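Below is one structure, written out as structure tokens; comments come after it.
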Amino acid sequence: MAKTVTVGLIGAGFIGQMHSLTFKSAGATAWTPAITARLKTLAERDETLGREIAARYGWETWTADWRDIVTDPEIDLVINAGPNHLHKEPSIASARAGKHVFCEKPLAGTADEAFEIWQGVAGTGVNHLCAFTHRSIPALELARQMIDAGELGEIRHYRSRFLLNMLTPDAKLSWRFSRSKAGLGALGDLGSHHIDQARFLVGEIKRVGALTKTWSRDAAGQITDVNDDAFVCAAELENGATASFEASRVAGAHNLGGWIEVDGTERSIAFHMERLNELTIYEPGRGPRTQMITKEGHPYSDFWLPIGIQGQHPLGWNDCFVHQARHMLEAVALGNPVAPRATFEDGYRVAETVDAIARSAASGRFEEVRFRS
Ligand SMILES: NC(=O)c1ccc[n+]([C@@H]2O[C@H](COP(=O)([O-])OP(=O)(O)OC[C@H]3O[C@@H](n4cnc5c(N)ncnc54)[C@H](O)[C@@H]3O)[C@@H](O)[C@H]2O)c1
């Protein structure tokens, strides 16, 4: 029988629009039962944007005040797509009001704040999902299954790079560039995705040695606490594997270059975000082969239209957000566990790792990653 989850969304910016599109789409997938997201209230402080996005995606009402969502007894699920400094208060208030919470990444600008959010929400018993969307990319889910099944042998290395350009022609900087509003820059914004993937695929990070760089200046003079533009980090994982992370938001020629590679004693695998439907598998004596992740039996192959009748069609980034939306809706409507998608505990653990990397860049020494419980 079809089920309905009533949703409130905070923030109608870039990713709020993505969630509007993909929570709407999640009701029309092949997974059963059908779960429809009723898009009830959109909270956006910019009235023009809020009204436009509400009309475009079919939100029933717009409000400037996110507290209207928290106090609405009809709303089951709150999507927090506000800037990082807006993640804490509405997420905790929503959970205390008995609403399930889906919050954007990074969970917070610091590990202290991320811990408060995790503790504040987990204590209420509601479901919580932190939007590390890479966990819903079919090729990376297949990579995880292969690693868990031992197909790569013992894992020796994890390697990742995330390169893009966030600079605008007018050289004005957004809230993302502000340490007080966003937390860390390339490290917190981009690095957090790949740190979570290392944890998802291989395991927890034990110690880190890093370097950060900042070149950007705000032409408008508004952002005076500019955070890091780029970082590089060498790490050791708890299972003894080595890891490396690099991210830059000032790599002007890159659209969205994301590379994730894992090497084991038996096989290696490589993923590139711009070739999202593919996993390259390296086997001794055979060299690399590229596997399209669109065949029957691959992760999410049963999610969209039946596969194989008219060929195997590729998926895109938006589709991965629909996968993620469906997992959240299933947690609310069916009581399914959020894991192995990222919970707020994962959001906290990534934030603790990000803080350790920043500490290492400041101290010039390797730093241990220590978790609170
Ligand atoms: N999962 C991903 O891959 C991914 C991708 C991009 C962004 N994000 C995350 O999504 C979040 C938002 O990023 P974005 O790119 O959409 O930013 P954005 O600046 O485009 O949008 C944020 C919106 O929130 C609104 N807002 C600010 N304060 C508000 C308030 N008090 N009440 C209501 N609305 C308010 C702003 O007016 C703006 O429209 C960030 O945490 C970011 O890191 C995640």
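A straight chain from R370 to E52 at 0.36 nm per residue would run longer than the Cα-Cα distance by 110.0 nm.
Surface composition of segment 234-273: carbon plus sulfur atoms contribute 44% of the solvent-accessible area (1.4 Å probe, protein chains only, all chains present). Taken over segment 83-236, the alpha-carbon convex hull comes to 138 cubic angstrom per residue. Accessible surface area normalised per residue over the chain is 43 Å², counting heavy atoms of protein chains with a 1.4 Å rolling probe.
Centre-to-centre, using Cα atoms only, segment 18-54 and segment 142-182 are separated by 26 Å. Evaluated with a Cβ-only charge set (Lys, Arg +1; Asp, Glu -1), the chain carries a dipole of roughly 200 debye about its Cα centre, given to the nearest 20. Coordinate range of the alpha-carbon atoms in segment 151-302 per principal axis, descending: 56, 33, 28 Å. Each peptide in 40-52, 75-87 gets a packing score, the mean of other Cβ atoms within 10 Å over its residues, and the list from highest to lowest is 75-87, 40-52.
Using Cα pairs under 8 angstrom and six or more residues apart, how large is the relative contact order of segment 3-133, in percent? If you can, show how the numbers build up before the last one.
Details: 252 pairs, mean separation 29.5, N = 131.
Value for segment 3-133: 23 percent.
Could the peptides 281-291, 223-233 be put in order, highest first, of the mean number of other beta-carbon atoms found within 10 Å of their residues?
223-233, 281-291
Alpha-carbon geometry of segment 259-373: the Rg and the Dmax are 18.8, 58 Å, given in that order.
Taking every DSSP helix (H) stretch of at least 4 residues in the chain, weighting each as -39,500 (n - 2.57) and dividing the sum by the residue count yields a mean residue ellipticity at 222 nm of -9000 deg cm²/dmol.
Taking the convex hull of the alpha carbon positions in segment 257-315 and averaging its projected area over all directions gives 4.8 nm².
Placing unit charges on the Cβ atoms of the charged side chains and taking the dipole of segment 3-133 about its Cα centre, the candidate lying farthest along the positive direction among W59, I92, V5 is V5. Of the heavy-atom accessible surface of segment 3-133 (probe 1.4 angstrom), what whole percent is carbon and sulfur? C and S fraction of accessible area: 49 percent. Panel note: the C-alpha atoms of segment 1-104, placed on their principal axes, show extents of 37, 30, 22 Å (largest first). Calculated over the chain, the projected area of the Cα convex hull averaged across directions stands at 19.2 nm².
Quick one: order M292, M328 from most to least accessible surface, probe 1.4 Å.
M292, M328
Projecting the Cα atoms of Q119, V78, T133 onto the charge dipole of segment 3-133 (Cβ charges, centred on the Cα centre) puts T133 farthest toward the positive pole.
The values are calculated or read from the model by the stated rules, or taken from the named source; none is laboratory data. A quick note: this is a predicted structure, and the numbers were derived from the prediction, not measured. Every residue, glycine as well, gets a Cβ built from its backbone with ideal geometry; the counts of neighbours run over all protein chains shown. Surface areas here come from the heavy atoms of the whole protein model, side chains and all, with no ligands, DNA or RNA. Shrake-Rupley method; radii C 1.70, N 1.55, O 1.52, S 1.80 Å.
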